[in-house]
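Student: If you scroll down you'll find the structure; I have some questions about it.
The values are calculated or read from the model by the stated rules, or taken from the named source; none is laboratory data. Note that this is a predicted model, so its numbers are computed, not measured. Neighbour counts are summed over all protein chains in view; Cβ atoms, including those assigned to glycine, are modelled from backbone coordinates with ideal geometry. For accessibility, only protein heavy atoms count, side chains too; no ligands or nucleic acids. Shrake-Rupley method; radii C 1.70, N 1.55, O 1.52, S 1.80 Å.
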Amino acid sequence: MIRIPPPLSSSTSMAQTNNQELQENQSKDMDEGLALAMETMGKERERKRKKMREEGGLPLCQDPLDLLGRDLMLRVLNNLDARSVARCLVVSRSWNRVASSDLLWTSKCEELWHGKAHLPRLSLVRGVSKLDAYSLSVMDGKRTRIAKDDLCDHVWDFHFTKVAPEYWRNLDPYWKGNGPPMHRYFHQDGSQTADPDDKVWGGHECCYSIVTSMIGGGKIREHYVRINRWLPLAVSRKQDWSWEMSNNFYCYSSVPDAYKEGGTGPLFLVM
């Protein structure tokens, strides 16, 4: 048998209706109170800002770029190191426009390039921004994999090492101290030459090759330069971005040529 609950009395129904209306009124009052509080807080903040402006001050939370303006901000950023300026690029769009200015990064590039033996060609391409030129220069300066353009663009000092035969060292101005160093030149056709009066060269034909072997993950396992069938030359990079190639008997060092217009080395970044 299904039991049907008895109908609510009129007094009970009226009480429920009054409670519902009371809850709705309380919620409405709370919303109005919150809105009034927010409005009051906004007016108070505006009053404080107005007072500070009248007294010659500005709110502490104001954007420094809005406070100083673009020109003064450029002067401030110019006193920071490149890493700190690079961090300013991600603050906001307006900061990015200022922090990426060629006016700012021109001086940063000059600081980076000062004292370097070679300037990378890819950073001096016409149309490249100074910010990109700086980034490309840093990446190329960390490169230890030599390219054909590196060999051919530079003049190379050549000398024998201490363990080389005495007969060779006696012909080498590096050890005798009786003249300028011997020079070697690499050419795009794969040949190598020397100065006409070089006593060591002897007029023999030379060709070179760059050997690079890779392992998993794109890592270099072996990288060297070989001339004819002689001992391979291990390749290293110095802090001033110059190159050195050597084995047990002789050594090549790239001659500084940062003065060359358009830079030197490969046009594209070599990893």
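Student: Can you go through D198, D240 and tell me which one is under 30 Å from S135 (Cβ atoms) and of a type in the set (D, E)?
Tutor: The conditions single out D240.
Student: Give all pairs with beta carbons closer than 7 Å in which a residue from the range 145-165 that is touching a residue at least 24 places away in the same chain (Cβ under 8 Å) meets a residue that is outside any helix (DSSP H, G or I) and charged (D, E, K, R); count only pairs at least 6 apart in sequence or on separate chains.
Tutor: What qualifies is H154/D257; W156/R184; F158/R184; H159/D172; F160/D172.
Student: Considering each of V98, V90 in turn, give the residue that is part of a helix (DSSP H, G or I), closer than 30 Å to S137 by Cβ and at pLDDT below 95.
Tutor: V98
Student: Shifting gears a bit: If S191 satisfies every condition in (1) modelled with pLDDT of 95 or more; (2) in contact with a strand residue (DSSP E or B) (Cβ under 8 Å, 6 or more places away or on another chain); (3) surrounded by 14 or more Cβ atoms within 10 Å (Cβ to Cβ) but one, which is the exception?
Tutor: Status for S191: all satisfied but (3).
Student: Restricted to the range 227-245, and to residues that are surrounded by fewer than 16 Cβ atoms within 10 Å (Cβ to Cβ) and in contact (Cβ under 8 Å) with a residue 40 or more places away in the chain, which residue is farthest from Y167 (Cα to Cα)?
Tutor: D240
Student: Select, from D140, D132, D150, the only residue that is surrounded by 14 or more Cβ atoms within 10 Å (Cβ to Cβ), closer than 23 Å to F249 by Cα and at pLDDT 95 or above.
Tutor: D150
Student: Separate question: Do you know which of the residues in the range 201-226 that are modelled with pLDDT under 95 and open to solvent by less than 40 Å² (accessible area, probe 1.4 Å) is farthest from D140 (Cα to Cα)?
Tutor: My answer is W201.
Student: Name, by its number, the condition in (1) surrounded by 15 or more Cβ atoms within 10 Å (Cβ to Cβ); (2) under 41 Å from the mean Cα position of the chain (by Cα) that does not hold for W168.
Tutor: (2)
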